[in-house]
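Readers should treat all values here as calculations from the given coordinates under stated rules, not as data from a laboratory. It should be emphasised that the depicted structure is a prediction, and the values quoted were computed from it without experimental measurement. We place every Cβ from the backbone using ideal geometry, glycine too, and count neighbours over all the protein chains shown.
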């Protein structure tokens, strides 16, 4: 009988069998086009809560890089509003390497549109080099990742080249993250450790529900949580939903501030293109694009200077491009088809 395996973040429904498939000399597993319980246009709870293992932490200037790995996994890339499934078809895929970058003092996680470049090398052999995808997962929120082959298991040197984020920095982050830095890690990848230490747990009873796998809890590793409404400075003007994402709209000093986040886990949704229009008494007061911005009190958000808002004003936020991030299972059908959101002050 031919066994069917559904691949999800960090692993698969039958890890012992899949581990055998991925070992040298074994056939590749059959990869499904997507779990049958996927909810079109919405976030859904996956059938497997995948595990992960920390490789380590390294500092460069004001930044900290956290590096981890999981079982190789299927994921989806995004270009515009189109997604492309990256199947796990190479039986030599050994690990899914994940990296996060944050400001050491404030623990603010930095999204970088261009991704991070990673080199994996063993004993001076030809390095495996990739630009990691900016990604969203239900356990980690925003991070960078990709599947990697390994010529053999054992000690490896992993070098992470950090680019510079193309977004406005405010508050305590002004002047940080200048130039291009790199950090290195030494790690002993072991097949047995990958197969049995990061297996995760099945979540059959919850799979397909309009919910999410809980975020991971790991010391020293901050996640890209958006602040709660009460934590964001300024006046909350309203909130709305589009593409299953939550949008909070604020008036902050002399700016309009928009904070999109995932439902359930409250992760920021970066790398979007947003524009806004404010209408008063049937006339447009201001309109134009919003600037991606990051600061410790608002985390990743979008803003535009305004002269102020008044009671009765109508604010329309247009999603000109959804989050240009790859997605792990559970997020791949959400945050793509996103209609305008409108609130009345």
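May I ask you to order 135-141, 247-253 by the average number of other C-beta atoms within 10 Å around their residues, highest value first?
Result, highest mean Cβ count within 10 Å first: 135-141, 247-253.
For the chain, treating each Cα as an identical point scatterer without solvent, what Debye log10 I(q)/I(0) comes out at q = 0.07, 0.08, 0.10 1/Å?
So the normalised log intensities are -0.31, -0.40, -0.61.
Kindly provide the helix-only [θ] at 222 nm of the chain, computed as the sum of -39,500 (n - 2.57) over DSSP H runs of four or more divided by all residues, to the nearest 500 deg cm²/dmol?
Computed ellipticity for the chain at 222 nm equals -1000 deg cm²/dmol.
Please compute the modelled spin-label separation between residue 92 and residue 196, points set 7 Å along Cα→Cβ, answer in nm with one decimal.
2.7 nm
Most fluctuating residue of 305, 260, 72 in a GNM of the chain with Cα springs under 10 Å: which is it?
Top of the fluctuation ranking is 305.
In whole angstrom, note down how far apart the Cα centers of the stretch 63-77 and the stretch 223-251 are.
One Cα centre to the other: 27 Å.
Give the distance, in whole Å, between the Cα centre of the stretch 312-345 and the Cα centre of the stretch 147-163.
Centre-to-centre distance over Cα atoms comes out at 35 Å.
Rank the residues 196, 187 as a footprinting-exposure proxy: fewest other Cβ atoms within 10 Å of their Cβ go first.
Ascending Cβ contact count within 10 Å gives the list 196, 187.
Among 152, 332, 107, which one shows the highest mean-square fluctuation when the chain is modelled as a Gaussian network with alpha-carbon springs under 10 Å?
Maximum among the listed residues: 152.
Comparing 312, 145, 50, which has the greatest mean-square fluctuation in the GNM of the chain with Cα pairs linked when under 10 Å apart?
312
Under a crude label model (7 Å from the Cα following the beta-carbon direction), how far is residue 119 from residue 314 in nanometres?
5.6 nm
Can you sort 189, 75 from fewest to most other Cβ atoms within 10 Å of each residue's own Cβ?
Ranked by crowding around the Cβ, least crowded first: 189, 75.
Going by how many other beta carbons lie within 10 Å of each one, how would you line up 258, 285, fewest first?
Ordered from fewest to most neighbouring Cβ atoms within 10 Å, 258, 285 come out as 285, 258.
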